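Down below is the structure, laid out as structure tokens.
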Amino acid sequence: MKYREMAGEKISVLGFGCMRFPTTSKNAEDIDAEKSAKMLVYAIENGVNYFDTAYVYHGGKSESFIGGVLKPYRDKIHIATKCPIWEVKCEEDFDRLLNEQLERLQTDYIDFYLMHALDKDRFKNVVEKFNLIDKLNKAKADGKIRHIGFSFHDDVETLKKIIDANPNWEFCQIQLNYINVKYQAGLEGLEYAHKKGLDVVIMEPLLGGKLANPSPQVAKMLSDEKTPVEWAMDFLWNREEVSLLLSGMGAMEQVQSNIDYADKAEVGMLTEENLDMLAKTKEVFDKMALVPCTKCAYCMPCPFGLDIPKTFEAYNATASLGTDRAKAIYAELNKGADQCKKCKKCEKVCPQSIKISHTMTEIAKIFAK
């Protein structure tokens, strides 16, 4: 395993994202404990030392699950989790939530603690309103947190304002891959954070799996000297500003292959020809991507029983895989897009800011033909 420095710590270039464990049913809360524990232990035994979870992952069960599995290895690993900003209604909520997370994780301290999914509104109306930066600093001084940061979903100018608002930020977590170079923080945000002294964690390196199993049109743009996953990871490890990338691994095979490939991670590992190829691949991808859904499932469960990520998968397939394949995916849904009641609950939590209710109307029209 290769390592890079992050906030003064030696961190594996591959981090384990704990939001996509295998489950025993379609319910995300039902973590398959046996399979998932084996994946976590294998990762530790093979050099992974950064494990990223959050208060809400797997219906609130991810923290408790990994807390139990990782406890025997606590001195060897780093745990990252996040304050659920939307749950904070007053200053006291910060301490209540942090203490609950410490209990769930069965630890006295959290190595890397993030304000979760900051955007313009949450920073102004929660972080600033309830003095959460001061709360973070105090929790660090008290030893409950070792390093403070934030995860981010908004435009690059908002990222800059958040970075500049707190000289004590040590790291941030942004969405980036060779498709999203100008989306949300993008490469400009990566470079700005680095210039300001923040280490950077990358989420969605495979764009919710879309870059692992690209459409035939996209795949043919990539050289066969590496797999699509390897090209996507290399794009990030190639950058000196990247401390590590997170992979939400849902099967042992993914853990094994990602760990094996992480041994090859190097700054400057790509040539100008390689980067030009990925830029051209992005052009093809962008022409075919209808909805920028990463299947994070923050929108789930839908109060009316829709499987929102899979509905978007079917819709995107109309461009990437053709009408017949798209209809086959859509036919697997228990409820169609026409069953959306436009409550907009999902839109309030979507990190990609997708206008879901409007898009569902368009999808219903497409598949009604």
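Only the coordinates and a few stated rules stand behind these numbers; no lab work does. Predicted, not measured: the structure shown is a model, and the values here were computed from it. All Cβ positions, glycine included, derive from the backbone under ideal geometry; neighbour counts span all protein chains shown.
So the values come out like this:
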{"quantity": "Gap separating the Cα centres of the range 165-243 and the range 39-101, nearest whole Å", "calculated": "23"}
{"quantity": "Whole-angstrom gap from the range 1-34 to the range 262-280, using each part's C-alpha centre", "calculated": "24"}
{"quantity": "Cα coordinate range in the chain, projected on the principal axes (Å, largest first)", "calculated": "61, 48, 44"}
{"quantity": "Fully extended contour minus Cα-Cα distance, from LYS341 to ASP260, at 0.36 nm per residue", "calculated": "24.6 nm"}
{"quantity": "For the range 99-229, diffusion coefficient by Stokes-Einstein and Kirkwood Rh (Cα), 4 °C, 1.567 mPa s, µm²/s", "calculated": "79"}
{"quantity": "Percentage of interatomic Cα-Cα distances in the range 223-369 larger than 18 Å", "calculated": "66"}
{"quantity": "With 5 Å bins from 0: P(r) over the range 18-143, alpha-carbon pairs, percent", "calculated": "2, 11, 21, 21, 19, 13, 9, 5, 1"}
{"quantity": "Charge dipole (the chain, unit charges on Cβ, about Cα centre) - positive-most of LEU244, THR24, ALA37", "calculated": "THR24"}
{"quantity": "Loop-resident sites, the range 304-361, for chymotrypsin sites (Phe, Trp or Tyr not before Pro), counting at most 14 other Cβ within 10 Å (DSSP)", "calculated": "PHE304"}
{"quantity": "Segment LYS124-LYS195, extension gain: residue separation times 0.36 nm, minus the distance between their alpha carbons", "calculated": "23.2 nm"}
{"quantity": "Where Rh is the Kirkwood radius over Cα pairs, Rg/Rh for the range 234-300", "calculated": "1.02"}
{"quantity": "Inter-site label distance for GLN106 and LYS2 at 7 Å from Cα along Cβ, in nm", "calculated": "3.4"}
{"quantity": "Student exercise, the range 41-124 dipole from Lys, Arg, Asp, Glu Cβ charges, in Debye to nearest 20", "calculated": "200"}
{"quantity": "Virtual spin-label span in nm between THR23 and ALA165, 7 Å along Cα→Cβ", "calculated": "3.3"}
{"quantity": "Dipole of the chain [Lys/Arg +1, Asp/Glu -1 at C-beta], most positive-end residue of CYS302, PHE65, TYR113", "calculated": "CYS302"}
{"quantity": "Integer Hz, Karplus 6.51/-1.76/1.60 couplings in order for the range 132-137, x for Gly and Pro", "calculated": "6, 5, 5, 5, 4, 4"}
{"quantity": "Cα pair distances in the range 308-368, grouped into 5 Å bins until the bin that holds the longest one, percent each", "calculated": "4, 20, 31, 24, 15, 6, 1"}
